[in-house]
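Every number here is computed from the coordinates shown, using simple stated rules; none is lab data. Quantities reported herein were computed from a predicted structural model and do not represent experimental measurements. Here the Cβ positions follow ideal geometry from the backbone for every residue, glycine too, while neighbour counts run over all protein chains shown.
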Amino acid sequence: MDTDKKVAVILSGCGVYDGAEINEVVLTLLSLEENEIQYQCFAPDIDQHHVFNHCTGKEVTERRNVLVESARIVRGNIKSLNECKANEFAAMIVPGGFGVAKNLSDFAFKGANVKVEKVFLTICEAFKNSKKPVGFMCIAPVLLSKIYGKGVILTVGNDKDTIAAISTMGGEHKVSTVNEIVFDEKK
């Protein structure tokens, strides 16, 4: 399989409060398509931590599956995160949304004491060990210190509390605007 132009896109549900940020996902996929880059979306086949009504912004008492919810965004063109293999892709992208902090990790609840979901962490480590580029957007970069270790250079914009958590975890935060990208050439 030609991996030179194929990207793994990792989703965390559907909706900014409890899943992937839909605009970030759609614009990422559009950009990949416009640049003739193939992609495959993945999501963990697990229950969401909790479910929000996006009209009211309040938690509701129902259960939803991260893979099933993520499939809504990509018209079903998605696979279980268990099927993602770093050797089949040139890069990986993780759009934001609080699903990253609630479903791909527990950062929303534990801050700097975060644990990354096992399968997701294994995949991230495989991309790291293969020295393949990754792109983490919005809140997703908070996980980079747990994946790449101390000294990783990253951004989450300018949220002081999140920046403090990143510093506690050993990350090197660079304040940026929504129009800027931060690269860590060494990690």
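Around Lys174, under 11 Å between beta carbons, what's the net of Lys plus Arg minus Asp minus Glu among the other residues?
It works out to a net charge of -3.
Filter the DSSP H helices in the chain by two things, a Kyte-Doolittle mean of at least -0.5 and an axial alpha-carbon span of 24 angstrom or more, and list the hits by number.
Helices meeting the span and hydropathy rule in the chain: none at all.
Taking a 22 Å limit on the Cα-Cα distance, which of the listed pairs Lys118/Lys150; Lys5/Lys85; Lys79/Lys146; Lys85/Lys150; Lys85/Lys128; Lys110/Lys186 fall beyond it?
Pairs exceeding the cut-off: Lys79/Lys146; Lys85/Lys150; Lys110/Lys186.
Shape call for the chain from the C-alpha gyration tensor, a ≥ b ≥ c root eigenvalues: rounded (a/c under 1.5), prolate (a/b greater than b/c) or oblate?
In terms of gyration-tensor shape, rounded.
Ratio of the stretch 124-184's C-alpha Rg to 2.2 N^0.38 Å, to two decimals?
For the stretch 124-184, the normalised Cα radius of gyration is 1.05.
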